[in-house]
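What follows draws every value from the coordinates through simple rules; no lab data is involved. Since we're looking at a predicted model, the values are computed, not measured. Cβ coordinates were reconstructed from backbone atoms using ideal geometry, including for glycine residues, and neighbour counts include every protein chain displayed.
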Amino acid sequence: MRNIRHPLIFIILLLYAGTSFGQSKALPINLSLFNQATALPFTSFFSTPVHPGIQIGTEFNYSTKAGSRFFQTANLSYFYHNYLAQGVGLSSELGYESRLKNGLAITGLLGLGYMHTFTTSEEFTFSDGTYHKQNDKGNSRLFPSLSLDLGYYLNPSRDSSPKVFVRYQSWAEYPYSPGFIPAMTHVNLHFGIKFFLHKNDHSHE
């Protein structure tokens with residue numbers, strides 16, 4: 001929808017600015033598989049049947065202290081809900097992580113994203129006494145999100161330690177069906193890993 005164009009441009013610029021700010025020799029990669037459910041936030045943990053999704057992204061620190069850090073993410077995601085829709089999303093989050101010496105970490109994230117969704121079934125319109133198959137160009141949505149993350153760093157003494165995590169993400173599609181259902185709420189349960197890609201340094205002094 002046209003009224004989403006300007007927020008989408010803002011999100012893209014935000015991702016670009018954060019990526020430029022956070023360039024380093026080790027690039028963190030977050031990869032997760034998730035189960036997507038249509039539910040009110042914090043009313044459902046894991047639901048069946050499973051509606052699968054995948055997310056890949058990176059992150060960059062704004063500030064780090066002993067046992068904590070403030071950071072931003074940039075993510076690309078896809079989900080397939082058999083009875084509702086499938087969607088591709090681009091999002092960014094601001095996160096705060098508290099990390100213990102034994103490797104346990106708790107993280108909270110607040111995000112905003114753009115998603116384009118498509119129906120998972122054929123749609124028809126009725127005109128002139130006949131049903132005609134309708135082309136699905138998809139729908140544009142904004143999706144704010146709130147996530148809680150419990151993770152464990154496999155090698156706590158290293159800054160570039162791999163991390164395994166479980167993340168509970170609540171989010172909403174807006175606008176969903178103006179005049180009927182303004183917003184549709186969802187819950188994603190992620191099971192993921194963070195690892196680092198190390199860049200080769202070819203510079204010479």
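Couple of notes before you dig in:
- Built amide H within the under 5 Å cut-off of Ala183, gap 5+: Tyr176, Ser177
- Peptides 149-156, 169-176 ordered by average Cβ neighbours within 10 Å, highest first: 169-176, 149-156
- Burial order of peptide ranges 90-101, 63-74 (average beta-carbon count within 10 Å, highest first): 90-101, 63-74
- Fully extended contour minus Cα-Cα distance, from Leu197 to Ile29, at 0.36 nm per residue: 59.8 nm
- Between Val50 and Lys101, the modelled label-to-label distance comes to 3.9 nm, taking each label 7 Å out from Cα in the direction of the beta carbon.
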